[in-house]
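The values are calculated or read from the model by the stated rules, or taken from the named source; none is laboratory data. Given the structure is predicted, the values throughout are model-derived calculations rather than measurements. Neighbour counts run over all protein chains shown; Cβ positions are idealised from the backbone, glycine included. Accessible surface areas use protein heavy atoms only, side chains included; no ligands, DNA or RNA. Shrake-Rupley method; radii C 1.70, N 1.55, O 1.52, S 1.80 Å.
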Amino acid sequence: MEYKLRKAEPKDVSDILRLVKELAKYEEMEHHVTLTEKELLEDGFGDTPFYHCIIAEIQGEGSGDGPKVVGFAMYYFTYDPWVGKQLYLEEFYVMDEYRGLGIGSEILRQLSDLAMKTRCTGMMFVVAENNEPSVQFYKRRGAEDLSQEEGWRLYRFDKSSLIKMATPGEE
């Protein structure tokens, strides 16, 4: 089965959100997805995009069917004051029935090529501990587990914490 990778366009936001929800369901965290198509459109395709996306699509099964989006990678660039530019892979998913066709490997190849062309020093990402197939997918390609190797822990301030910290006199 042939597939094509391309840069996401505004028309893809519904498919991107569909795939985000599929991945969240797989990770048993679907209830955490609150993002809307409108937010995806504004945040990824406005004057200052907060993210970029690669879309994987196959031709529809029927003769009159158009292409079907079956995977995506959402990424952006960050800066590490120790080593410089980094490509951050925020979300990466290929629908289960389209795995094993080389789509994920080709997406990673394109992202790696982009990282090298933009002089990034590495690619960072987070993987759920219980997602062993993904852990092995990344490890086979040379990924290091920094939570074990360097002892880093991932933290987050949620929106209510941000509001509290942004309010003068609050601590």
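Before moving on, here are some points about what is shown:
- Translational diffusion of region 52-171, µm² s⁻¹ [Kirkwood Rh, Cα pairs; Stokes-Einstein; 20 °C; 1.002 mPa s]: 126 µm²/s
- Whole-number accessible area per residue in Å² for the chain, which is evaluated in the context of all protein chains at 1.4 Å: 70 Å²
- Whole-percent carbon and sulfur share, accessible surface of region 20-87, 1.4 Å: 54 percent
- Low-density loop cleavage sites - chymotrypsin sites (Phe, Trp or Tyr not before Pro) in region 97-171, where at most 16 other Cβ are within 10 Å (DSSP): Trp152, Tyr155, Phe157
- Gyration tensor verdict on region 88-127 (Cα atoms; rounded if a/c is under 1.5, prolate if a/b is larger than b/c, oblate otherwise): oblate
- Unit charges on C-beta of K, R, D, E only; dipole of the chain, Debye: 500 debye
- Taking the charge dipole of the chain about its Cα centre, with +1 at Lys and Arg Cβ atoms and -1 at Asp and Glu Cβ atoms, the residue from Ala73, Thr118, Gln86 reaching farthest to the positive side is Thr118.
- Candidates Thr34, Thr78, Thr118: whichever shows maximal mean-square fluctuation once the chain is modelled as a Gaussian network with Cα springs under 10 Å: Thr34
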